[in-house]
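One structure is given below, encoded as structure tokens.
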Amino acid sequence: MSDPKDESAMDVSGSDDFVGLSTFKIADHLQTPQYIRLYDETQKLKGRVNDLTSYQQAHPRPLKAPTTREEVDAEKKIQNQLDLLEKRLRAQLAMTRTVYRACVMKIREEKAETAEKKAANDALILGLHNLKYEEQSLRSEIAAAENYDHKYKKLPLIPTDEFIAKFPQHENATEHELMKARIDQEYQDRVELESQRQEKLKQKQKLIAEVKKSKDDLTRLDGMVEKFVEHFEPIRKVFATE
């Protein structure tokens, strides 16, 4: 069996919904002029329909055809009033349809405008996502560049203080400019050292050539001395026997 308390709670909830629906007014929630006018014209059409049905119910058609003059005039008067009410109803219906079409066109325009704005908004959102992706990519590249093990960091550069003392014109230079100047100076020093090395190498080659020439001369001289000794060997023997 169901609990009476639950049933009473359901009854209260249902009554609250009914009260809410009974107090709900569509006109209070309409904001655009087109919808307000359509609502007004619909209410007028509703009134025309109620007027016609109320008059028809109040003046039903007789089962028998009128025979007297009074009955004919009364029937004609009723018919004229019905024609007038129907004419007003048709006119109001035409007006309501016109306003309804205008509302439909307005809705289509608003939908098209909303779709256009939505497309523009989607494009902006997509552009924002692309910018964020590009930002992340650039940040990654910057971090990779900052953490890259550059070769210039391994160069045996002279200390900064010593460099500034030797070249005071770079005292107010930025860190980047100072590093560039130190590297350029290191390059110039190495070029100078390489030039000196090449010069020393040339001198060495020259000395080697001179030594080789002297050695060759000594070798030829030794040969000449040996030949001289060989030629005078018989004379030496003669002198030795005497």
Residues (part of a loop (DSSP other than H, G, I, E, B) and open to solvent by 100 Å² or more (accessible area, probe 1.4 Å)) located in region 128-158: Asn147, Tyr148
Which numbered condition Gln203 fails, given (1) of a type outside the set (Phe, Trp, Tyr); (2) loosely packed, with under 10 Cβ neighbours inside 10 Å; (3) modelled with pLDDT of 85 or more: (2)
Condition check for Ala94: at pLDDT 75 or above, small (Gly, Ala, Ser) and either within 30 Å of Glu109 (Cα to Cα) or open to solvent by less than 60 Å² (accessible area, probe 1.4 Å) (or both): yes
Odd one out for Glu75, checked against (1) surrounded by 13 or more Cβ atoms within 10 Å (Cβ to Cβ); (2) within 25 Å of Asp40 (Cβ to Cβ): (2)
Single match in Arg37, Arg48 (criterion: modelled with pLDDT of 75 or more, part of a helix (DSSP H, G or I) and under 24 Å from Met105 (Cα atoms)): Arg37
Any hit, region 159-173, residues being in a loop (DSSP other than H, G, I, E, B) and of a type in the set (Gly, Ala, Ser): yes
Any pair with Cβ under 6 angstrom, 6 or more apart, that starts in region 105-116 at a residue that is touching a residue at least 24 places away in the same chain (Cβ under 8 Å) and ends at one that is surrounded by 10 or more Cβ atoms within 10 Å (Cβ to Cβ): Lys106/Gln34
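The values are calculated or read from the model by the stated rules, or taken from the named source; none is laboratory data. Here the structure is a predicted model, which means the values were calculated and not measured. So basically every Cβ, Gly included, is an ideal-geometry build from the backbone, and we count neighbours across all protein chains shown. Just so you know, the surface numbers come from the protein's heavy atoms only, side chains and all, with ligands and any DNA or RNA stripped out. Shrake-Rupley method; radii C 1.70, N 1.55, O 1.52, S 1.80 Å.
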